[in-house]
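Here is the structure we will look at.
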Amino acid sequence: MSVQASPRSMAGHNSFPVDEIREMFPAIRKAGDFIFLENAGGAQVPQMVVDAVTNHLIDSNVQRMAKYEHSERVDANLVAARESVAILVNAYRPEEISFGLNATSFIRLVSLGIAKMLKERSEIVVTDMDHDANIATWLALEADGAKIVWWRMREDGTLHTEDLVPLVNERTRLVACTVTAHSIGTIVDVAAVGKIAHAAGAEVFLDSVHFGPHGLIDVQAWDCDYLVCSGYKNFSPHMGFLWGRFDALCRLPTFKEDFIPDVPPYKIEVGTFPYENVAGMDAAVRYLEGIGRRFLPEGTHSRRAALTAAMGAIREYELSLSREMIAALKRQGAVIYGISDEERLKGRVPTICFNIPGVSPQLISAEMGKIGIGIRDGHMFAPRLMKRLGLSMETGAVRVSLVHYNKLEEIARFEKALAEIISGHRK
Ligand SMILES: Cc1ncc(COP(=O)(O)O)c(C=O)c1O
């Protein structure tokens, strides 16, 4: 079965080929009735990603930049992956992409460089809705003289860009914010963030880790300066990548051995990283393109056009998942954090944090685990957000996080299980 088969018109949730897509994921096939509802912690990978990793390990498991065929293949795989990821994020050039272990280490790498360039612009804006990787990393720069300015989420669970305007001025060095909250699923208007920050001469650092699997990344339209992603949330193995505007990366001081050229990506990618997983990331981009081509008319389309079609269809399908999951949670009396009004669902992805009054999040996730439904409980690495929501770090909330291979039937099974847990355990 190939995702390239049978192009169709744009998908409503009925025409999204979820069953065919699920067939492409060996872990989903093997898991039988198990329901993956913890995709915000990492998504499953399609067979073509497994094949790319395996082939890399068999054909090219050597160091790059030597003069024999295996090593030349590593170099070629890296060139191909850089090109693919550049298309995925709409980079200006492939050299703006650097590969590495994860998003957190890239945020740290950029922040260490920024620390050396604070001077008269020493204010850094962070939000209380972000993953702590994109908060604590910047707070650490207070030791270097940075002043932290908080852009706070409103009670409606969203970051309002008009609240950012008075926080940004000629002293602002950088605005660091998420594209989408990994906890409560809110999408941020990052194009507006780009405009506001640049009008004041500040830079923008975007955490796109959670948005990646749900929508079309576009660094040009968003007019940002840096952006990080974790491949493993994007249907690839464990790895991360950084995009940076070429001139911003050229200016950024980084650690590297003296003889390494002071140009991206080499000045960023020091040391060896998991090349096989980068090959997997390349295949993950091609997987998404394959989905997109199903929704395009017959003919030749650019890779970016295919990705645009894929992410458009995924967004639309996921909207039906958000709608259904939120309706199910409301029926079960859940307190839902963040956007839950039917008419505002486009402002979120199907990553939903909730609590059931009288039943602990830990009990719900443990009981779900026992019956083969994988979800998460706790603080979601978002201590500031938990505080804002009036939740403790110890108990936090329950999170269900869906992606495009989840089905409405799975939501129905989840709701039935939740109802049983509630009736058996409410104090
Ligand atoms: C929004 C967000 N940012 C950053 C991270 C950290 O990513 P990594 O594990 O790749 O360092 C995560 C991980 O869950 C995340 O969800």
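The values are calculated or read from the model by the stated rules, or taken from the named source; none is laboratory data. Given the structure is predicted, the values throughout are model-derived calculations rather than measurements. Cβ placement follows ideal geometry from the backbone for every residue including glycine, while neighbour counts extend to all protein chains displayed.
Restricting the first member to segment 98-110 and to residues that are polar (S, T, N, Q), and the second to residues that are assigned to a loop (DSSP other than H, G, I, E, B) and more than 8 Å from the ligand (Cβ to nearest atom), the beta-carbon pairs closer than 6 Å and six or more apart or on different chains are Ser98/Pro265; Ser98/Ile268; Ser98/Glu269. For segment 27-80, filtering for residues that are out of contact with any helix residue (DSSP H, G or I) (no Cβ under 8 Å at 6 or more places or on another chain) and either basic (Lys, Arg) or in a strand (DSSP E or B) (or both) leaves 3. In segment 292-302, the count of residues that are farther than 23 Å from Gly185 by Cβ, of a type in the set (D, E, K, R) and surrounded by fewer than 18 Cβ atoms within 10 Å (Cβ to Cβ) is one or more.
Filtered by the rule that a residue be over 11 Å from Val110 (Cβ atoms), among the aromatic types (Phe, Trp, Tyr) and more than 11 Å from the chain's Cα centre (by Cα), segment 204-240 gives a lone residue, Trp222.
Put simply, of Arg399, Arg331, Arg344 the only residue that is touching a Cys at 6+ places or on another chain (Cβ under 7 Å) and of a type in the set (Lys, Arg) is Arg399. Once segment 16-43 is narrowed to residues that are among the aromatic types (Phe, Trp, Tyr) and out of contact with any strand residue (DSSP E or B) (no Cβ under 8 Å at 6 or more places or on another chain), the residue that is surrounded by the most Cβ atoms within 10 Å (Cβ to Cβ) is Phe16. Pairs meeting the criteria (first residue in segment 39-59 and without any contact (Cβ under 8 Å) to a residue 24 or more places away in the chain, second residue not in a helix (DSSP H, G or I), beta carbons under 8 Å, at least 6 apart or on different chains) are Gln47/Met24; Gln47/Phe25. Filtered by the rule that a residue be under 15 Å from Val18 (Cα atoms) and in a loop (DSSP other than H, G, I, E, B), segment 286-320 gives a lone residue, Phe295. Mind checking which residues of segment 96-136 are within 14 Å of Ala146 (Cβ to Cβ) and acidic (Asp, Glu)? If the condition is that a residue be within 14 Å of Ala146 (Cβ to Cβ) and acidic (Asp, Glu), then Glu120, Glu123 are the ones that fit. Of all residues in segment 121-133, those that are farther than 21 Å from Arg154 by Cβ have Cβ atoms under 8 Å from Cβ atoms of residues that are within 11 Å of the ligand (Cβ to nearest atom) and among the aromatic types (Phe, Trp, Tyr), 6 or more apart or on another chain, in Ala133/Phe381. Hey, any hits in segment 69-78 for a residue that's touching a residue at least 40 places away in the same chain (Cβ under 8 Å), of a type in the set (Ser, Thr, Tyr) and over 16 Å from Ala140 (Cα atoms)? No - not one qualifying residue is present in segment 69-78.
Against the numbered list (1) free of Cβ contacts under 8 Å to residues at least 40 places away in the same chain; (2) within 23 Å of Leu319 (Cα to Cα); (3) β-branched (Val, Ile, Thr), Ile21 comes up short only at (1). Scanning segment 167-194 for residues that are surrounded by fewer than 22 Cβ atoms within 10 Å (Cβ to Cβ) and under 24 Å from Leu389 (Cα atoms), we see that the one that is nearest to the ligand (Cβ to nearest atom) is Ile187. For segment 44-76, name all the residues that are surrounded by 14 or more Cβ atoms within 10 Å (Cβ to Cβ) and of a type in the set (A, V, I, L, M). Once the filter is applied, which keeps residues that are surrounded by 14 or more Cβ atoms within 10 Å (Cβ to Cβ) and of a type in the set (A, V, I, L, M), segment 44-76 yields Val45, Met48, Val49, Val50, Ala52, Val53, Val62, Val74.
Conditions (1) without any contact (Cβ under 8 Å) to a residue 24 or more places away in the chain; (2) surrounded by fewer than 18 Cβ atoms within 10 Å (Cβ to Cβ), marked per residue:
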{"site": "Gly374", "(1), (2)": "no, yes"}
{"site": "Asp377", "(1), (2)": "yes, no"}
{"site": "Met380", "(1), (2)": "no, no"}
{"site": "Leu385", "(1), (2)": "no, no"}
{"site": "Ser392", "(1), (2)": "yes, yes"}
{"site": "Thr395", "(1), (2)": "no, yes"}
{"site": "Val400", "(1), (2)": "no, no"}
{"site": "Leu408", "(1), (2)": "no, yes"}
{"site": "Ser423", "(1), (2)": "yes, yes"}
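If we keep just the residues of segment 1-56 that are of a type in the set (D, E, K, R) and touching a Phe, Trp or Tyr at 6+ places or on another chain (Cβ under 9 Å), which is modelled with the lowest pLDDT? Checked segment 1-56; the qualifying residue modelled with the lowest pLDDT is Arg8.
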